[in-house]
Every structure is written in C-alpha cells, then in structure tokens.
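One structure is given below, encoded as structure tokens.
What follows draws every value from the coordinates through simple rules; no lab data is involved. The shown structure was predicted, so the numbers you read here are calculated from the model rather than taken from an experiment. As a convention, Cβ positions derive from the backbone with ideal geometry for all residues, glycine included, and neighbour counts pool all protein chains shown.
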Amino acid sequence: MIRQDFNRIDAKRRSNLDPKKKQFAQPAFQHHDYQHRLNFYVLPPTAEITLEEFEEWAINRLKVLSELESCTFRNRTPDETASYMAPILSKYLALHSNSSRSSMLQEERKQDHYSHFILRLAFSSTEDLRRRFSRLESMLFRLRWKEDDARERREFVDSLDLRWEKVGDEEKRELASELAAVTYKTRQSDDDGWFKVEWEQVPELVESRRVLLKRGVAYVPAREQMSLVMAEFTRRLDAAMELTARALPRLDEDDRLTPILKHLSASFISPASTYDSNSALPGTLQPHANNIPQLAQHFPACMGQLQTRLARDHHLKHFARLQYTLFLKGIGLSLQDCIVFWRRSFSLMTDEKFEKEYKYNIRHVYGDVGGDSNRRGKGYSAYSCQKILTEPLPSAGQAHGCPYRTFSIDNLLESLRSMGVHDREVLKTIREDVGRQRYHIACNRVFEYQHKAELDGKPGQEIPGLKETIVHPNDYFKKSFLLKHWGDKEVREGADAGGPLKMEE
Amino acid sequence: MPHSVSPDTGSSGDHDLPDANPQSSHSTPTIRAGESPEEAEKSSTALEDMFDDDDDDLDDLSSSMAASQEPQSVQAISGAQSARFSDPEIMRAFYQRLFPFRYLFQWLNHSPSPSTDFGHREFAFTLPNDAYLRYQSFPSSDLLRKQCIQMLPSRFEVGPVYSTNPRDRKTLRKSSAFRPLNKELVFDIDMTDYDEIRTCCTGANICHRCWAFITMAIKVIDTALREDFGFKHILWVYSGRRGAHAWVCDKRARELDDSKRRAVAGYLELLKGGDSSGKKVNLKRPLHPHIERSLRILRNHFSDILETQDPWLEDDRAAHLLSLLPDRDLVAALRKRWDSAPGRRSGSKWADIDALAEARVSEHLDSKALLEAKIDIVLEYTYPRLDAEVSKKLNHLLKSPFCVHPGTGRVCVPIDVQKVEEFDPLEVPTVTQLLDDIDQWDHDKMDGVDGEGTGEKKIQDWEKTRLKPYVEQFRNFVSELLKDERAIKRERDDADPMEF
Ligand SMILES: [Zn+2]
C-alpha cells in the first residue's frame, strides 16, 4: 500500500515546513465525497491507493489525454473530437452524472481525481510538459462540461465560489444597445445576465468579438460562462503546477513512485502503448515463411521499408533485423518460420555463416535461448512507436527506425507514393506533421488514407479500438489486416473473442 | 503574404520617394557573415520566425543587399542617394550625435536606474555587410551606443525581455531557463497590404494620397486600443518608408502571452482572405460596437478614397465591386450603365448603386441586404489592414524607433496621434538633412553669439536639428510611461512589503 500526500506538494504556505512533520500533522486518511461530476481539482487526494491502482489509473488518463492531443493535431472540430472521444472516455475514464444513479459514481470520480493528481506530478517537471498537460486537461474539462447535465453544471459552478462581478441593472440599461450587438441580437431580453471581468480572462471571446470591451473590462454574456469557467480552470491549474514543480525535488523520498512518474512523462513525450500479442492472426491466415511479402501491404512504413530493403539487398543490419524480427514475431510468425524466412531472405549468404551468426539472435528474440528470464518472458516484445521514435537515429547504411522521422522529406514522400498515397492534400498535411515532429500522426494519416473505404464502410466498425490512434506497428498491421479480411468469418470471430487470436508457440 | 515586393521602377508622381535601388534583387537575403554554421541555421529560422512579416524591412534588406553587390557605376546612377545614407561616416555621426539613446533606454527600462527590463532585452543588429546578429544585450544605454558606433548597424531591432541575459543563453543547462517574459504589444501597418485597393502607387512607393490609408488605420487601431482595451501608452512610429508601427507599452500589454496577443490581433482584424479571394468582409449583424465605431471614423474618409484612389475606374476592379453586391438584376443594370460610360469615376459608380436601386431595376431587391453589402464594401476599402502575425508573438522583433531607413534615409520618427492628419511622411527628415542642420546651427552660432553663453546648459546636437520636435515628443511619451510605472511599483510595494 502506498500513500502519496499531495498536500505536501501543493500547499504553498507549507512548503517550508519539514515534510516529515507535516505528514503527522494532518490526518492522512480522508475519503472524499464527490458531490459533483466535474472537478476543479483543488483538493489533493489523501486516501491510500495501491501501487497498481496508482499506475493503472494514471495510464488510463494518459491514454485519454494522448487521444485528445491527437485530435488537436488533426484539427478535428469540437464536435468531431467529442464523438471521437466518447468511446475512449467511457472505456478509460468514465464519469457518470448524478442523475445516472450509477453505483460506480464515487469510484469513477475517485479515479478521475487521483489520476489527475498523479499526472500533475508526472508532468510538472518541465515547462513544456506543464503547458501540454494544462492544455489537454483544460480540453478534457471542456469536453465534460459540454456533456454535463445543465442543472448539475449549475450546481457545480455555484460550488466554485467564483468572484465574477455581475453587471447591475442600471449599467445594463445604459449599455443596452451595445450589449445587444455583442450577442448579435437586435434587442436584449431582460433576463440576460452579464458578468464583468478583465479581458485577459477571456481571450478567446475577445478574439472572436463575442464580448463588449470597455477600457480593459470585458462584458461577458452569461451564456459564455463556459469560457469564464475554462479560464478559471486553466488559471488555477497553471498556478498549482507551478507550485508542484517547485516542490518536486522532495518527491524523491519515495523511490517507488519516481520510476513510474518518469515512465509516465516519457510516454507523454512520444506515444506509448503496451501491445499485447493479441494481434496475431487466426489459423488459416497465419503468417508463415512464404507469405510475408504478401502481408507487407498491411505493414506500416517502418516495417514495409525494411521488407523492401531486405528484398533488394538480401540483407539487413543488426538493429533493422531486431526491429523487424520482433515485429514479425508480434504478428504471429512462428520461430521456425521466422528462421526459414530470414534464411531465404539472406539468399547471398552461406548456410554456415547464417547458422553461426544470425540464427542465434532470432532464437534469442523468441526466448528460445538466453538466460532464464529471457526464456520465461518468451523473449523480447515488439517495439512500440515510442520505442522506435526515441531510439538514436540510424547512421549511414542502417535501415531501422521510423521513416517519418529518419527519411528526408523527399524520400519519405517518394516512398509514401510507392505505398499508394498520391493525394496531394494528404501528402501536404503529412509534410506538415513531419515538420512538427508529429511522426505517429503522419503515420496514422497514411493508415486512414489507405483504408478510407473500409473505415467509412459498415463492416469492420466493431473491430476493437478501430478508431483509436495507432501507436504500435503491430497494431497498425492488425487493424489493416482485419479491415481487409473482415468478411472472413474466422477472422471476425477471432477478433471478437480476443483470446484465441493469440498464437503461441 | 506579399513578400519581396521590390521598389517599382516605373512609378511616377511628384511626391514619390526616391527609389532606393531599381535593380534590387528579389532573392531572400542570406546573411550569415561571421557566424558558425549552427548559429547561421538558427538565425535563418529566426529570420523566418521573427521578421518575415515586416515587408518594409524586407525591402530594406533586399535593396541594401543588392546595393552592396551592384557595381559602383550602377549605384552612382541610380542609388546615389541611398549610398549616401549608408555611408559609414554618416551612420557613425548619426549614432554619435543624433540617436536618442538615453530616452530609448528609459523607454525600455521603465525606470531611471538600469534594470533587467533593459539588461535582458534582446537587440538584433543588421550590419552593413548584411550579417544579422541576434541576442545582443546591453547593461546600459552607453554600451548600446558604443556598439552602434562601433558596428554601424544599418538598423537594429528590439525584441523581448528574457528570463536571463540573452548573451548567456548558451551557458544555461536547461533551455527552458531562457524564455521571453515580456515585450510591448506591437502592430505593423504596411502599404503592401493595400496594393489591391490603392491605385496611385505600387510597391515601396507612397504619396500623400495613399498615406491616407495609414492615417485612417492609425486612428481606428489607436481608438480601439484605448477605448476597448484601456491601454494608455501607445507609441506610433513611422517605419521609414511606407508604413507605421505601434508599440503599446502599458505594463499590462507587455505581460500578455501569445494567446492574448492573438486575441487582440483577432479582435482588430477584419479582412480575411488573400488577394484573389472574393468577399473579404463577412460580418454578423448587428455590428459589434468596435466595428460600428470604426465605421463612424472611416465613413468620413470613404468618399475621399473614392475621389483620390478612384478604385473602380478600371473594368476588372469595377467587376470586383459588382461581385460584392447582392442583387443579380441590380448588378446587371449597373454593368450595363458602366459599360456604356467608360472612364466613369468611382464616386459616380458608388452613387449609381443607390440610384438604380431606387429606380427599381430589380423587382425583388432586398434593400437591407444591399445596405449591409454597401457597409461591407466601405469596410473593405477603408478598414485597417494589419500584418497581424507581427502582433501575435511575444518574441517577434521590430525595428527600433529612430533608426534610419536604409532605402530612404528617413528617420523612423514617432507620429503624434493627436495630429495624425498632419503627419507628412515625405517631410520626415533624412539623416543627411539632420547632419546639415547641425552644421548650419553651429555655423550660425559661430557667427552670432561668438563664444558667449558659458553658463548655459550644453545643447544636445539633436536640439539643433529638425529632429528636435520628434525627440521631445518621444521624451514626453517616455516620461508619462515612467510616471505610471512608478505608481504601479508603489502600489505593489505597499500591497506586499514582504515579497521583497
Ligand atoms: Zn500613393
């Protein structure tokens, strides 16, 4: 069991107290009663949770934030984002309204509360991370605000103790015509409420001229309240993160948390995914030593280009072999077939050399040889996009890595064209993605382009996680393959059941 | 964005500015002298980031660069004037005797004694060989002056105040420790953005007729910044050739982050779409009070614009006007009338719209829609065209006031917004005139008073020239700003004595 006293990190005036003393000074076990679905995350959690919960909740929230971020990268409209996020939210971070009378209410809200604070810790270390976190949390809050029940939302706002100045009746009368113009009504109705705030608090309303400005004061119509609440949410979060950052060094006391937090922030820097090998294919369609070139049409660019290089050069260097072997293992190629595949591909090599220098490595990757732990763990697992994207760049003659990152833009576009991507708009956006180092977004765009027909069509919609952003090459393969073969009953049932799909030696 | 517009050779008109260099090159300047490759790369992105938008300055760059590459003989014919302005002795005398470093220091420092507001402020120098030196900083006005005299920059730019001294940025362990903290909110109005509606001049040239666009823009933007945003300390500066810059210096403005700067720019920006897009004004009704007020300011100028610019004289421009009107029958009737009267002036064409509408050439004329379309047209032809990108970024650099424009030799003097109508860009003194003024004054003094006045305060060289009213105006501006800064500081000290 583990107790993380967030108070210690958050409360400004206590920051100069001895943290040890402080721990005793406050009753540690407090269970929150979550009255509202929305949360401004003012009070840090104080109850104990297990290390597993700590990690799991944080990873789930991270998943949600990453998907939100990918929505912004793709310029999805608010409505598109909302519908894209709905299934992801209900899967990873469900939050029901009071009126739902769900028995899970308190538990959901607790997870929401705790995971927010855990990630706040993980992302306080650098300004860049703080900014991203704050932006995404604000987006998440906005998303939930919009779908919240109107009455519950009002109760929540009332609970916030926000000090906005109301515009008095006399002033409203004086400014009547100008206020009406701001709301694009010809006449103001009497019950329209207005608030006065400094204009800096509502920049987006200013930008689109949806407020009246008078000498630095913004007159905000009550129905734009969301902007005010959002501004307040972001402002408070930014201030709290700033304090957390300053107190962060003290967190080292608990060395069980540090690696988890480090890992969390690392996966935020590039997309993380824990890929289970459920991506393997059902019996008759299983990959074997002879059909890899045919299956390559379903490979993401990073693997497809390795196959191309291999076919051309009859050789791949060490890291490329490792990246590719792990991928092939991940799609369900058996050890025996894998050895045969490589033996045939290295067609210019003597059997003796292959046996001596290459075979062992393949077996090692599969966990067939090596130390106990390697055998027990069935070798290495396939590389995620994160892993591939954070590896050092390949040097001359090496072919591994993510082409969106390692190729020159011209070479990349050329190889995308050879993958059948000819749409100039798409290529242009990919060029932009790459310019902004959003490599996995570019890759997802290629996937969407190549499977546009299937993605828009009816069949295959029930493929699990179909519309979530791909952050693992094997996931890319799996989705591509399933979309193509969804008509095949065996494939369909395998995917639904989840388990049986997995192919083990 | 309309970049690399080179000065037009074929322009005519009495008031046109001397052409800086007719042979000027279109190529983007590559200016990397004396920098490591890494630095050079940085400065090239920085160029794109930071000052790609200032068309007036881009011209300077390309023209001055071309000047330095052209054979002497060509310069002697075409660029005699401009060669004189960038003469090292002239620039040295200018920085030594005329540039008001002291007030510039107070302006940026916000108090009389040196602080990080000045010391951590980025300056960027454009050197005579066109090298571009970023991240310069100076503890005092004397040291800035010294480097100017030593390097003789053809101009320098002012950037943000950073969290640490810009010169130390590479010694920092974490790059996040070096970040921009604050800078004046700036605006750039440039005549290039008016090229599709002005007919009197093209490219880098201006005359009194088209300067009216800048005057109108200053009025509208200045009013909005004061009345709507509550800013008080707004410095308008002539950009040296064909535009104007605004520096909003209120503390509240300096502290805006990018999202808030974007908000101000978005609030003020009205015309959307590039040169070839159709309707540029798309406004909901009723009009926002800011637009309504701007319209009141601009209406008075609209008929002048029709008169002096005659923007719909040519057929294709008149066709654009027709494309902005809502009623098909009305448009057809107008086209017919104008086709039969070539050379009809814009004022008459504008009057034709109402005349034909009242004559009921269209059965189903929606007079409300017509009125709204006409208001949109007034706005399209008068509303300020901002180079908004300049305003949106905290770390955008902008040419310092009182620099010399290398193409025209004119000093970037402040514009008194109270008398903006009287400001005449063609009367702004050039650096050579100013040096002549000093000589003249010294000469007169020698003749007249003859060694007396020992008890008098020493007269500054700028006081001997026609730069005097501009420096005084700047000095007054700075002293008003400092007064407010002191008040803010007192307030803060009173409120939280423990903080320091
Ligand atoms: Zn003109």
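In table form, for the structure just shown:
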item: Summed side-chain charge close to A:Ala296 - residues other than A:Ala296 whose Cβ falls under 14 Å, Lys, Arg +1, Asp, Glu -1; result: +3
item: All lysines inside 19 Å of B:Lys146 as judged from Cα atoms, apart from same-chain residues fewer than 8 positions distant; result: B:Lys399
item: Cα gyration tensor shape for the stretch A:283-496, rounded if a/c is under 1.5, else prolate or oblate; result: oblate
item: Average partner coverage of B:226-232, which counts Cβ from other chains inside 10 Å; result: 5
item: Gyration tensor (alpha-carbon) shape descriptor, the stretch B:359-425, a/c threshold 1.5; result: prolate
item: Burial ordering of A:Thr390, A:Thr325, B:Thr192, fewest other beta-carbon atoms within 10 Å first; result: A:Thr390, B:Thr192, A:Thr325
item: Förster radius 35 Å - calculated FRET efficiency between B:Lys445 and B:Arg226 (Cβ-Cβ, nearest 0.05); result: 0.25
item: Full-stretch length increase - B:Arg490, B:Lys336 - with 0.36 nm per residue and alpha-carbon distance subtracted; result: 48.5 nm
item: Rough spin-label spacing in nm, given labels placed 7 Å along Cα→Cβ, for A:Leu466 and A:Arg312; result: 3.5
item: Within-11-Å neighbourhood charge of A:Pro287 [Cβ basis; K, R +1; D, E -1]; result: 0
item: B:Ser113 paired with A:Glu155, simple spin-label distance in nm, labels 7 Å along Cα-to-beta-carbon; result: 5.8
item: Sites A:Gln297 and A:Thr390, calculated FRET efficiency, Cβ-Cβ separation with R0 25 Å, nearest 0.05; result: 0.35
item: Within the stretch A:38-124, chymotrypsin sites (Phe, Trp or Tyr not before Pro) in DSSP loop having at most 11 other beta-carbon neighbours inside 10 Å; result: none
item: Three-way shape call for the stretch B:279-382 based on the alpha-carbon gyration tensor, with the a/c threshold at 1.5; result: oblate
item: Net charge dipole size for the stretch A:283-496 [Lys, Arg +1 and Asp, Glu -1 on Cβ; Debye, nearest 20]; result: 340
item: Calculated FRET value between A:Glu48 and A:Asp410, using beta carbons and R₀ = 56 Å, to 0.05; result: 0.50
item: Net charge, A:Arg109 excluded, C-beta distance under 12 Å - Lys, Arg +1, Asp, Glu -1; result: -1
item: Lys/Arg +1, Asp/Glu -1 at C-beta; the stretch B:348-473 dipole; positive extreme among B:Trp462, B:His364, B:Thr408; result: B:His364
